[in-house]
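Step one of this worksheet: look at the structure below.
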There are 2 protein chains.
Amino acid sequence: MGCLDEGHFNGELENELSIGLGEVGFDEERVAAIGDAVKLLLQGLGEDVNREGLRKTPLRVAKALLEGTRGYRQKVNEIVGDALFPEAGLDNNRIGHAGGAGGLVVVRDLDHFSYCESCLLPFQIKCHVGYVPSGKRVLGLSKLSRVTDVFAKRLQEPQRLADEVCLGLQQGIKPAGVAVILQCKHLHFPDIESIFLESNHQRWVNVIVSSGSGVFGNKNADVWTDFFGLLKFRDIDIENVRPRGSSDQCWCPSVSSLSAKVSSKIVPLNPAMVTAVSSILKSLGEDPMRKELAATPSQYLKWLLNFQSIDMDVKLNGTLSGGLNSLNSNLEVNSNNKQICSELNLPFWSQCEHHLLPFHGVVHIGYFLSEGFTCIGKSLLQSIVHFYGFKLQLQEQLTRQIAETISPLLGGNVIVVVEASHTCMISRGIEKIGSSTSTIAVLGHFSTDRAARAAFLQSIPTPTYCEGQ
Amino acid sequence: MGCLDEGHFNGELENELSIGLGEVGFDEERVAAIGDAVKLLLQGLGEDVNREGLRKTPLRVAKALLEGTRGYRQKVNEIVGDALFPEAGLDNNRIGHAGGAGGLVVVRDLDHFSYCESCLLPFQIKCHVGYVPSGKRVLGLSKLSRVTDVFAKRLQEPQRLADEVCLGLQQGIKPAGVAVILQCKHLHFPDIESIFLESNHQRWVNVIVSSGSGVFGNKNADVWTDFFGLLKFRDIDIENVRPRGSSDQCWCPSVSSLSAKVSSKIVPLNPAMVTAVSSILKSLGEDPMRKELAATPSQYLKWLLNFQSIDMDVKLNGTLSGGLNSLNSNLEVNSNNKQICSELNLPFWSQCEHHLLPFHGVVHIGYFLSEGFTCIGKSLLQSIVHFYGFKLQLQEQLTRQIAETISPLLGGNVIVVVEASHTCMISRGIEKIGSSTSTIAVLGHFSTDRAARAAFLQSIPTPTYCEGQ
């Protein structure tokens, strides 16, 4: 709260507001520059940039990044424009506040997303904005969302985003005060090395931040009590808002996990790939030398390198023989080959090869155990899921590959269901928050036995993969 | 299901698909034509089209309508375009279906909205789309949503929308089959005459429809069982999908309520206003003579005329004196003037004067009863709320007007909180489903007593106004 306390901030924002590069649209030069950098990153992952699935990925990534950071090329004043409307406020002979003269207006539960400046992954935002009108003018309600979007569509950190939205509205509509509360949620993507060790990986990092100006400038002001009073039933109160001072500690999980490991293991990065990420930042309209962006290329690359193209067969063969051996002590022979064995809710993490954005969720595996075969241990199935997850993928292909790999180990009758959230469905053009994708592969008996499929689908519990969404 | 059963449909859709009027964008001529028609409608409501709050409403409505029906000017093939990607499918020596050769893909919970062809109000859609890939090709997931949008952004009826999305995908990507399930929700706006009589007005009309082609062409096909199996936890099953034959009975509540009343009361409509609505339909790219649109102008106008500008003071004075008199039998004198009296969750219905779109929700009223004053009965407060709701409004103004009206009746110490869902926040540019707006007016003691405001806000129960959302 009290973002106007910091004098330097004002100038910074003014400056940023005027960066605007004319009309929003795709500047061919930027698209080409980002596309070239993405091509280099793909090559760095060991990929063939000319294979059909990847051929247009650089172009797709470039357009998505420019669209997702279009806020650099937008101005608050152009958005607010003529959307201030007359509203009389109370008759002079009455005591109090209402309408266009002091009547608090709060718009709640606006869904947005932004890009984390530390790792370049999108993060989700539930935004609540309030303002106190003055001068017998009220703002068109949708503009509160549009102004938020101007600042969200940049590389951001939650507190800075809240401060910028607050200041942008304060300067743009000059009300008696503005308050902003953001509930932010950052995907916590595990490293391929650590995922085999952690059994309870935390999928999300959550933080709540606030900012206030004018009558909201003092965090103890009465009007904050009114604002919080209107946000009840949302697990928000003054106690769980992150104090401003603590923002020195970066919320991004890639920063904390990187620093934790950097002492034990230095990851050598390809300098050409580092330069490529810096050039992307520049093409988006950012200054790669800005303090908060200095480590971004290495953090982004460390994450991206989880998806290096490797010879899966070689890696898997080692695991499979090892995994099967280790099962000998733990065999469960199932004599009734009509019973469905299953492993449900195996988490997975992957990377969409069309957009270079994560998708993640759970895999459910079912099988009829044929004579002469033994159940596979959960940990081996989980390893197979991770091996196929940590590469540039399509969900359809991931599903098929898992099914093809486990099928010969189990006698040929398997069903694999993958349920996933795709970041590209949230952060790109269509912005469909809350949607999820299911894919199915059925082999052997399962391809002809509707009742068996139905029984298996029925056994899948309420989805948990999007928990915290 | 089985939309391809109907031979004539195919030709119709082809025709519609090719209506496309070039690039999506605002055609100046259409904007001007719709704007003129809207001006005429506003005048028909008795409004001054030159007052500041309304001056740009015709332009705003025209742009919103054209944007909301942009599907008429889009083509499926251009959207699907190059978004079919290679995915190998199972090895030849395996039995079953997976990936690009038969592996079912389902995208669930896509939020969309469309315009009801019977009354021109937007309705909400939760869309679930599935398809079975063939030819070793899979579609980029976001395209399932984009294609749905092409048909949703038109004047629609749920079953037809499902059929068109299904056929559009079938023709556009030529898979083994397509299935579409839509959960549709239509606001049931009451008439100003009936609202005073109905105590339990049903706010929403819900319907679930489905459509299938190819392997989904037969509603008893096994693959439908798989699809429904993946939609569990959503209150969807084969039993609550509306049977295709029943679509003769229109789901739009304005049709059923109109026909119910038409025998008892014929509403005379201004012919110039009817012509204006027809000309809007034409400007959107529709044929006003299409059978399903024949009654649309009168249904739309019947709804719009709920918001005629009338002299509120005259109307209210009658009610207030009547209302206060009728209270005499039911007085509750409260001697402790520190106790807060309240009436919570009074429903309201209104019309946004910036977009000519409904907003609706609940009003909460609190007051300290001063000496010499009596509690106001709930029905009188509810009447005051309805009187100010049924006009072209701003939520901020509605809040203030209610506060100003009840304040002198109660001794001057009142708080009014309005919580609302705005259709314009859902159906226009920003498409923020799930957001809500709160406004507050505080008079007398409430403007200075933070603790009293907090106590009142604390007493407001979990929101129910968006039930069914």
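The values are calculated or read from the model by the stated rules, or taken from the named source; none is laboratory data. Source: prediction; values computed, not measured. With ideal geometry, Cβ positions are generated from the backbone for all residues, glycine too; neighbour counts draw on all protein chains shown. The accessibility values were calculated without ligands, DNA or RNA, using every heavy atom of the protein model including side chains. Shrake-Rupley method; radii C 1.70, N 1.55, O 1.52, S 1.80 Å.
Okay, here's what the table says:
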quantity	calculated
Calculated label separations, B:ARG55, copies of the chain, 7 Å along the beta-carbon direction, nm	5.5
Extension reserve of the B:ASN220-B:GLN339 stretch, reckoned as 0.36 nm per residue once the Cα distance is removed	36.5 nm
Eligible lysines near B:LYS291 by straight Cα distance, threshold 16 Å, same-chain separation 8 or greater	B:LYS282
About the Cα centre, charge dipole magnitude for the range B:3-306 (Lys/Arg +1, Asp/Glu -1 at Cβ), debye	360 debye
Mean separation of Cα contacts under 8 Å, 6 or more apart, over the residue count of the range B:145-238: relative contact order %	28 percent
Trypsin sites (Lys or Arg not before Pro) restricted to DSSP loop in the range A:97-145 with at most 15 other C-beta within 10 Å	A:LYS136
³J(HN,Hα), Karplus 6.51/-1.76/1.60, whole Hz, each residue of the range A:232-242, x for Gly, Pro	5, 6, 10, 6, 10, 8, 4, 6, 9, 7, 5
Summed buried accessible surface, chains A and B, 1.4 Å probe, nearest 100 Å²	7000 Å²
Table column - 3J(HN,Hα) (Hz), the range A:269-277, Karplus curve with 6.51, -1.76, 1.60, x for Gly and Pro	10, 5, x, 5, 6, 4, 4, 4, 5
Inter-copy label distances at A:LYS75 (7 Å, Cα→Cβ; nm, one decimal)	3.8
Residues with amide H under 5 Å from that of A:LYS153, placed H, sequence gap 5 or more	A:GLY71
Restricting the range B:377-422 to trypsin sites (Lys or Arg not before Pro) in coil, as DSSP defines it, with at most 14 other Cβ within 10 Å	none
Radius of gyration and Dmax over the Cα atoms of the range A:81-167, both given in Å	15.8, 56
Protein-only accessible surface order, largest first, of B:GLU404, B:GLU431 at 1.4 Å	B:GLU431, B:GLU404
Label point distance in nm, A:ALA454-A:GLU29, each placed 7 Å from Cα along Cα→Cβ	6.3 nm
Label spacing, shortest first and in nm, from A:HIS201 to its equivalents in the remaining copies (7 angstrom along Cα→Cβ)	5.1
